[in-house]
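Written below as structure tokens is the structure these notes are about.
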Amino acid sequence: MTEAARRLTVPNQPAAELRARGFAEALAAARGKHVLIALRGHPDPDGIACAIAQAHIAQRLGVAQTTVAYCHELSHRENRALVKLLGLDLRKIKTVRELGKVDFLALVDAHEVDPDLADGGDYEVLTIVDHHRPASPPKARFVDMRMDVGATATIFVEYLLELAVLDPDAEEDRRIATALMHGLSTDTDDFTFARSTDFRAAGQIAEICDRDLLQDLSRRLIAPTAMDVIARALQALGVRRNFAMAGVGFVTEAERDTIAQAADFLVRREDIDTCVVYGVVGDKYIEGSLRTHSASVDPPVWLEQAFGTDEKGRPYGGGRRDKGGFRIPIGFLGRVTDRAQLWQLVEHAVRTALLRQSGEDPTPGVLVPPVAPT
Ligand SMILES: [Mn+2]
């Protein structure tokens with residue numbers, strides 16, 4: 001039977017088998033070796049779950065050692081709770097070297113090594129498994145990029161079924177299933193944006209999950225700092241037709257996630273479909289989060305059109321179907337001591353770019369007066 005015919009008769013199955021086999025073959029090259037699963041950016045539940053799933057599969061396939069590591073803060077309270085409640089062993093690193101001899105890197109829920117991992121480029125990337133649209137072709141021995149899944153966790157559920165079936169009676173296996181379910185639900189906004197493949201994956205691990213733990217994990221807490229930032233966003237909110245934007249002023253690095261939380265909140269306003277919340281993070285970057293449920297807004301494209309690219313041609317922003325983010329270094333300007341003035345500059349530049357991109361006239365008259373920075 002031809003591949004096409006088989007695919008017709010048993011939807012998904014042959015492709016799933018092939019991909020899992022390819023993944024296993026790549027990992028086989030690391031038999032007896034040390035693989036670093038390097039999370040990019042601030043680890044989120046999907047990335048963390050996939051990392052421990054890959055570590056589990058790797059172990060079964062004879063990889064001698066796996067380390068899961070990240071190089072940015074584990075900044076979200078819920079992400080710290082995930083690591084704590086599941087008793088996960090995650091390492092925070094600045095270089096790969098500090099882990100001793102590492103033979104390969106593996107990327108999950110990302111397709112590039114974190115640029116802040118100083119010597120990340122010196123190591124071969126063995127596998128890439130991700131659902132973010134790549135800006136450039138990802139380079140690794142094995143690549144599985146799927147834009148049609150709501151979470152990378154869905155892909156790992158598939159791998160687990162083919163390569164290392166989870167045992168409902170084993171504590172570790174239950175933990176992995178629980179983490180994957182949590183990753184699935186957070187990445188799909190509680191399954192609102194889930195595809196059929198995501199539902200299928202959730203169904204396959206539902207009986208193995210620890211329900212009590214899952215409930216603890218999904219308790220959506222809002223930190224007091226996030227509430228403050230949401231209040232600032234509401235105060236500064238500017239609405240143009242179905243587009244809303246809000247500049248929240250200065251935010252510390254540890255609290256950067258509050259910008260995304262404010263955007264999650266604002267996009268629920270019923271008369272808009274897209275919003276952007278932005279601020280100056282750690283006096284180093286203008287950072288912003290975009291949230292949309294508009295069919296015509298593609299976050300990575302929209303953000304690139306609004307903010308362009310850096311001198312190396314890399315877009316300042318990226319994202320997926322319903323959300324995106326951007327980060328623009330402010331460099332030397334970060335030293336400006338008059339924060340009100342600095343904020344005014346940032347506010348003006350960002351608002352102009354956003355209004356232009358949303359098809360509005362960015363003349364000063366339509367700019368909402370900036371809120372005093374904090
Ligand atoms: Mn993800």
**Q.** 13 Å tail of the calculated P(r), segment 158-221, as % of Cα pairs
**A.** 61 percent
Q: Return the distance in nm (one decimal) between the two label points of a simple spin-label model at residue 148 and residue 101, each offset 7 Å from Cα along Cα→Cβ.
A: 4.3 nm
Q) What whole-number value in cubic angstrom gives the convex hull volume per residue for the C-alpha atoms of segment 8-111? A) 117 Å³
Q) Using a basic spin-label model with each label point 7 Å from the Cα along Cα→Cβ, how many nm lie between residue 92 and residue 241? A) 4.4 nm
Q | Computed over segment 3-218, Kirkwood Rh from alpha-carbon pairs, angstrom | A | 17.2 Å
Q.
What percentages make up the Cα-Cα pair-distance distribution of segment 47-165 when the bins are 5 Å wide from 0?
A. 2, 10, 20, 24, 23, 15, 5, 0
Q. Computed over the Cα atoms of the chain, what is the convex hull's projected area averaged over all directions, in nm²?
A. 19.8 nm²
Q. When the chain is treated as a GNM, springs tying every alpha-carbon pair under 10 Å, which of 278, 123, 70 comes out with the largest mean-square fluctuation?
A. 123
Q. Which FRET efficiency value, to the nearest 0.05, is calculated for residue 223 and residue 161 with the Förster distance at 30 angstrom and r the Cβ-Cβ distance?
A. 0.25
Q) Across segment 25-39, in residue order, what do the Karplus-derived ³J(HN,Hα) couplings come to in whole Hz, using 6.51 cos²θ - 1.76 cosθ + 1.60 with θ = phi - 60° and x for Gly and Pro? A) 5, 5, 5, 4, 5, 9, 4, x, 10, 10, 10, 9, 8, 9, 7
Q. For 323, 284, 312, what ranking results if the residue with the fewest other Cβ atoms within 10 Å of its Cβ goes first?
A. 312, 284, 323
Q: Could you give the spread of the C-alpha atoms of segment 216-374 along their three principal axes, from largest to smallest, in whole angstroms?
A: 41, 36, 34
Q) Using Cα atoms only, what is the angle between the long axis of helix 196-205 and the major principal axis of the chain, expressed in degrees (0 to 90) to the nearest 10? A) 60 degrees
Q) Just the Cα atoms of segment 124-267: what Rg and Dmax do they give in Å? A) 18.6, 54
Q: Pop a pseudo-label 7 angstrom from the Cα along the beta-carbon direction at both residue 340 and residue 171 and give the gap in nm to one decimal.
A: 5.8 nm
(Q) More than 15 angstrom separation, counting every C-alpha pair in segment 120-200; what % is that? (A) 63 percent
**Q.** Cα-centre dipole for segment 3-218 with unit charges at Cβ (Lys and Arg positive, Asp and Glu negative), debye to 20
**A.** 500 debye
Q: Would you mind ranking 27, 355, 214 so that the residue whose beta carbon has the fewest other beta carbons within 10 Å leads the list?
A: 214, 355, 27
Q. Put +1 on the Cβ of every Lys and Arg and -1 on every Asp and Glu Cβ in the chain; which of 239, 343, 151 then has its Cα farthest towards the positive end of the dipole?
A. 343
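Nearest 5 percent is fine: what portion of the DSSP beta bridges confined to the chain is antiparallel? Before the final figure, lay out the partial values.
Values: 23 of 51 bridges.
Given both bridge residues lie in the chain, the antiparallel proportion sits at roughly 45 percent.
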Q. If you take the charge dipole of the chain about its Cα centre, with +1 on Lys and Arg Cβ and -1 on Asp and Glu Cβ, which of 329, 45, 225 is farthest toward its positive end?
A. 329
Q: Beyond 25 Å between alpha-carbons counts as too far, so tell me which of 92/312; 84/284; 94/323; 84/323; 284/323; 101/284 fall in that bin.
A: 92/312; 84/284; 94/323; 84/323; 101/284
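Here, each number is a calculation from the coordinates, and none is a lab measurement. A quick note: this is a predicted structure, and the numbers were derived from the prediction, not measured. Virtual Cβ from ideal backbone geometry, glycine too; neighbours counted across all protein chains shown.
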